[in-house]
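Visitor: So that we are looking at the same thing, I have put the structure below in C-alpha cells.
The values are calculated or read from the model by the stated rules, or taken from the named source; none is laboratory data. Keep in mind it's a predicted model, so treat the numbers as computed, not measured. We place every Cβ from the backbone using ideal geometry, glycine too, and count neighbours over all the protein chains shown. Please note that ligands, DNA and RNA were not included when accessible areas were found on the heavy atoms of the full protein model with its side chains. Shrake-Rupley method; radii C 1.70, N 1.55, O 1.52, S 1.80 Å.
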Amino acid sequence: RNDFFLKPNGLKASYEYTRIIDEILIDIFSCSVKNARFSDLVLCASGGYGRKELAPYSDVDILFFTEKKVTHSRIKESVKKILYSLWDLNLKVGHSLRNLNQGLSSSDIDQTAATNMLDARFLAGNYLIYKKFRKTITSFFKFEKNFINLKMNEKELRLREKTTEQYFLEPDIKYSKGGLRDINLIFWAMKIRYSVSTIDDMLKLNLITSFEYRKIRYLLKFIFTIRFFLHYLSERPNDRLTFEYQRKISNLMKYKSRKKTLGVERFMKHYHLQVRNCICLNYIFLENNP
C-alpha cells in the first residue's frame, strides 16, 4: 500500500501483489501436502488471480486438480488443510476441486467454470498432471467454437444494465462499457485462437502492432491504478468510480486544475478516452475478426 501510494502504478502493483500471494500459497501447499512435487494434487490460480490481476480486496480464486477421486480421503484432507490456512490469513478464497479424468463438455461446465479454467495458472503440485489438464483444456476450447460468441452475448446483456446515464457519470470500471471485463474478453479470445496469455506474447507473434501494444499496456496500467485506489480508499472490493472517488483519485493522480477545467474533469475526460480505446480494440480483435 505504501509503495503504491508513493508511486501509483496499478499494473506493477497487481503483479507484485499476485507474486506475494503466489509465494504464500506455494509455501502452504508444500506444508500441507506430502511430496508436494510428485503428489496426486495440483494447485492453480484462476480467474483474475490466474491472470495476475489481483487487487487489494479481490477474491483469491484457486482450482485443485487430481487424477484420483475427489472424495479420496488424502485429497480431501490436503485441500482442507490448505483452505483452513488461507482462511486463517483472512483471505477471501473461491475454490473448486475437479477430477481430471472426468472430462469436460458443454453439458457439465458453465461459462464461469470454463473461463476460470481458461485462466488457470500453475502454482504447485504435480506438473505432469497440470500438463494433462492444459491439453484437456486446449482440446475443449478447440471444439467449443461458440465460447467467444457466448461471451459476446454475455457482454451485451451486461451492458444493457451498465450503459445508463448513471453509469456514464459514475462508471463501474470492471463491468461498464470499455472496462476491465471488455479487456479480459480480448485476452480470452487470443488464448483460444493463438494460445497466448500476455500482450508480450501477442507482440512476439505479430498479433498486434507496437502501437497497439503501447496502447493496451497504458490502458491496463491506467485502469488497474484506478482500481487499486478504489480498493484502498474504500477498504473493500469496489469498482464503482463515484463522484466522491473521482475527486479523491484525481488529486492522488495529480490532475491539476487549469483556467477553464477542473482537475477532476481532466481525469474523467482521460478515463473516457481510455474507454474509447478499449472499445476500438474490442472491435479490432473481436467484432471485426470473428
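Visitor: What tally of residues in segment 71-101 results from selecting those that are surrounded by 12 or more Cβ atoms within 10 Å (Cβ to Cβ) and modelled with pLDDT under 80?
Guide: 1
Visitor: To continue, here is another question. Within segment 223-230, is there a residue that is within 15 Å of the chain's Cα centre (by Cα), open to solvent by 10 Å² or more (accessible area, probe 1.4 Å) and more than 17 Å from L286 (Cα to Cα)?
Guide: Yes: segment 223-230 contains one or more residues that are within 15 Å of the chain's Cα centre (by Cα), open to solvent by 10 Å² or more (accessible area, probe 1.4 Å) and more than 17 Å from L286 (Cα to Cα).
Visitor: Please go through segment 14-35 and give me each residue that is open to solvent by 20 Å² or more (accessible area, probe 1.4 Å) and of a type in the set (A, V, I, L, M, F, W, C), ordered by number.
Guide: Answer for segment 14-35, where residues must be open to solvent by 20 Å² or more (accessible area, probe 1.4 Å) and of a type in the set (A, V, I, L, M, F, W, C): I20, I24, I26, I28, C31.
Visitor: Further, regarding this structure: If I ask for residues that are touching a Phe, Trp or Tyr at 6+ places or on another chain (Cβ under 9 Å), aliphatic (A, V, I, L, M) and part of a helix (DSSP H, G or I), which ones from segment 127-185 would you list?
Guide: Within segment 127-185, L128, I129, I148, L159, L169, L180, L185 qualify.
Visitor: All but one of (1) part of a helix (DSSP H, G or I); (2) closer than 30 Å to S139 by Cβ; (3) open to solvent by 60 Å² or more (accessible area, probe 1.4 Å) hold for F285; state the number of the condition that does not hold.
Guide: In the conditions (1) part of a helix (DSSP H, G or I); (2) closer than 30 Å to S139 by Cβ; (3) open to solvent by 60 Å² or more (accessible area, probe 1.4 Å), F285 misses (3) alone.
Visitor: Now for a different question. Within the bounds of segment 212-226, is there any residue that is in contact (Cβ under 8 Å) with a residue 40 or more places away in the chain and closer than 26 Å to L63 by Cα?
Guide: Yes.
Table: residues versus (1) open to solvent by 40 Å² or more (accessible area, probe 1.4 Å); (2) in contact with a strand residue (DSSP E or B) (Cβ under 7 Å, 6 or more places away or on another chain); (3) within 25 Å of L230 (Cα to Cα); (4) free of Cβ contacts under 8 Å to residues at least 12 places away in the same chain.
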residue	(1), (2), (3), (4)
Q166	yes, no, yes, yes
S176	no, no, yes, no
G179	no, yes, yes, no
R193	yes, no, no, yes
V196	no, no, no, yes
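Visitor: Moving to a separate point now. Say we look at segment 21-71 and pick out the residues that are of a type in the set (D, E) and outside any loop (DSSP other than H, G, I, E, B); which of these is farthest from D119 (Cα to Cα)?
Guide: D27
Visitor: Going by what's in this entry, would Y218 be described as modelled with pLDDT of 90 or more and under 24 Å from D119 (Cβ atoms)?
Guide: yes
Visitor: Please work out if L54 is buried (at least 22 other Cβ atoms within 10 Å of the Cβ), within 14 Å of the chain's Cα centre (by Cα) and closer than 19 Å to L89 by Cα.
Guide: yes
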